[in-house]
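Worksheet: the structure to be examined is printed underneath.
The values are calculated or read from the model by the stated rules, or taken from the named source; none is laboratory data. Since the model is a prediction, treat every value here as computed from it, not as a measurement. Note: ideal-geometry Cβ built from the backbone for every residue, glycine included; neighbour counts use all protein chains shown. The area values use the complete protein model at the heavy-atom level, side chains included, leaving out ligands, DNA and RNA. Shrake-Rupley method; radii C 1.70, N 1.55, O 1.52, S 1.80 Å.
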Amino acid sequence: MPNCLQAALDYARRGFSVIPIRPDKKPFIAWAEYQDRRATAEEIRAWWVKWPGAMVGIVTGPISGLLVIDADSETAYQRIQELLPDFFVTCIAKTPRGYHLYLIYPRDRTIGNAAGVMPGVDIRGNGGYIIGPPSVNAEGKAYAWLDGLSPNDVAPAPVPNNIDK
């Protein structure tokens, strides 16, 4: 069993707002307030005592400083890669269906959530959340950082100019 509590605490120390997520990818809690404030370590520990199998939700947008590109297939991921500049490096997690690319949320504008910005590609920004590693979904499939691309290895990159319009 992955240590989602430890991951949630580590993400919180990094400045990400975290929430506990059910196997159906819905939050265990009313989470609107965590778009404006980060949970305390005590709150996080209490959640995982109450729901030890919870997946780790990371709230996107200004609170965590994250904008996430959610590519739901290998094909969608390859399309995103084609848009990125050469030598582009950012945090990337493998999801059960595709990939999450973690970018720095731009402070000069508001970017919300958008589904289908390209076939199989969604954006998670202000008002959204994603599931973070090492969560395991209801089908037993894991979320995992790509080798060398975890937040411990690289920082989220700024949004490239050609993909943030």
Checked against (1) at pLDDT 95 or above; (2) open to solvent by 10 Å² or more (accessible area, probe 1.4 Å); (3) closer than 21 Å to Ala155 by Cα; (4) not in a strand (DSSP E or B), Pro85 satisfies every condition except (1)
Flagged in the range 62-79 as open to solvent by less than 10 Å² (accessible area, probe 1.4 Å) and either modelled with pLDDT under 95 or more than 10 Å from the chain's Cα centre (by Cα) (or both), in numbering order, are Ala71, Ala76
Mind checking whether some residue in the range 141-155 is within 22 Å of Asp24 (Cβ to Cβ) and outside any strand (DSSP E or B)? yes
Next on the checklist: Regarding the range 116-131, can at least one residue be identified that is open to solvent by 50 Å² or more (accessible area, probe 1.4 Å) and either in contact with a helix residue (DSSP H, G or I) (Cβ under 6 Å, 6 or more places away or on another chain) or basic (Lys, Arg) (or both)?
Outcome noted: yes
Considering residues that are farther than 22 Å from Asp86 by Cβ, over 12 Å from the mean Cα position of the chain (by Cα) and among the charged types (D, E, K, R), the number found within the range 123-165 is 2
Within the range 1-35, of all residues that are open to solvent by 80 Å² or more (accessible area, probe 1.4 Å) and either in a helix (DSSP H, G or I) or among the small types (Gly, Ala, Ser) (or both), the one farthest from Lys141 (Cα to Cα) is Glu33
Output for Cβ contacts, cut-off 7 Å, separation at least six or different chains, first residue in contact (Cβ under 8 Å) with a residue 60 or more places away in the chain and of a type outside the set (S, T, N, Q) in the range 77-90, second surrounded by fewer than 11 Cβ atoms within 10 Å (Cβ to Cβ) and in a helix (DSSP H, G or I), reads Leu83/Asn162
- Residue check: is Ala138 in contact with a Pro (Cβ under 6 Å, 6 or more places away or on another chain) and open to solvent by less than 30 Å² (accessible area, probe 1.4 Å)? no
Expected single match for modelled with pLDDT of 95 or more and basic (Lys, Arg) among Arg97, Arg45 is Arg45
Scanning the range 141-165 residue by residue, those at pLDDT below 90, open to solvent by 20 Å² or more (accessible area, probe 1.4 Å) and over 23 Å from Ser17 (Cα atoms) turn out to be Asn161, Asn162, Ile163, Lys165
Just one listed residue, out of Leu103, Leu83, is under 14 Å from the mean Cα position of the chain (by Cα) and of a type outside the set (Ser, Thr, Tyr), and it is Leu103
In the set Arg107, Arg38, the lone residue that is of a type in the set (Lys, Arg), at pLDDT below 95, within 22 Å of Pro151 (Cα to Cα) and assigned to a loop (DSSP other than H, G, I, E, B) is Arg107
